[in-house]
Amino acid sequence: MLRPNLSQGSSLLLGLSLMSAVSAELWVCHNDYEARCSELGCAVYQQDDFTPASVLLSSEGELEICLYTGCWQGQGQVLAQAPYLVIQGNKLDWNSPFKVDQQDALLSLERSSNIATMQVAGFQLSLLCH
């Protein structure tokens, strides 16, 4: 007779209870190129000329936008759920020791293709999400 490993069983139960308690969908996104725009125009950077962004977003509006040396984080307002998930983040906090102002952000995710667009701090990015 097999005896269950209690630590594995406890972890499984904890994981199942957390999954049922959290119904938000989550996406992790990155970019293959970087575009920066100003009133003078836009510039596009590819391959070795930039560091890819890492973006986490949830269907409940949770945002984490990581660029270069840190991340902006916070709770955004969900403006639409379908067919696009649209989230506006206002005054997102920076989590790095380098002094960076709070930023507003706008993200739009097309759920069927898992492609998102994001505007934050002068960056206009297309993102691949999973």
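A few remarks follow.
- Within the range 41-69, if we keep just the residues that are among the β-branched types (Val, Ile, Thr) and part of a strand (DSSP E or B), the residue that is surrounded by the fewest Cβ atoms within 10 Å (Cβ to Cβ) turns out to be VAL44.
- Any chance SER113 is part of a loop (DSSP other than H, G, I, E, B) and at pLDDT 95 or above: yes
- Members of the range 70-95 that are outside any loop (DSSP other than H, G, I, E, B) and farther than 16 Å from VAL55 by Cβ: GLN77, LEU79, ALA80, ASN90, LYS91
- Within the range 19-39, residues that are farther than 26 Å from GLN81 by Cα sit with their Cβ atoms under 6 Å from residues that are at pLDDT below 90 and small (Gly, Ala, Ser), at 6+ positions apart or across chains, in these pairs: ARG36/ALA43; ARG36/GLY122.
- Looking across GLN46, GLN102, one residue alone is farther than 16 Å from CYS129 by Cα and modelled with pLDDT of 90 or more. It is GLN102.
- Screening GLY122 on (1) exposed (fewer than 15 other Cβ atoms within 10 Å of the Cβ); (2) touching a residue at least 40 places away in the same chain (Cβ under 8 Å); (3) closer than 17 Å to LEU26 by Cβ shows it passes everything except condition (3).
- Checked against the criterion of being within 18 Å of PHE123 (Cα to Cα), over 14 Å from the mean Cα position of the chain (by Cα), at pLDDT below 90 and of a type in the set (S, T, N, Q), the range 2-16 has no qualifying residue.
- Check on THR117, surrounded by fewer than 17 Cβ atoms within 10 Å (Cβ to Cβ), free of Cβ contacts under 8 Å to residues at least 24 places away in the same chain, within 22 Å of SER38 (Cα to Cα) and in contact with a strand residue (DSSP E or B) (Cβ under 7 Å, 6 or more places away or on another chain): yes
- Of all the criteria given as (1) under 14 Å from MET118 (Cβ atoms); (2) not in a strand (DSSP E or B), the one not satisfied by PHE98 is (1).
The values are calculated or read from the model by the stated rules, or taken from the named source; none is laboratory data. Only a predicted model underlies this, so the values are computations on that prediction, with no experimental measurement involved. Using ideal geometry, Cβ is built from the backbone for each residue, glycine included, and neighbour counts are taken over all protein chains shown.
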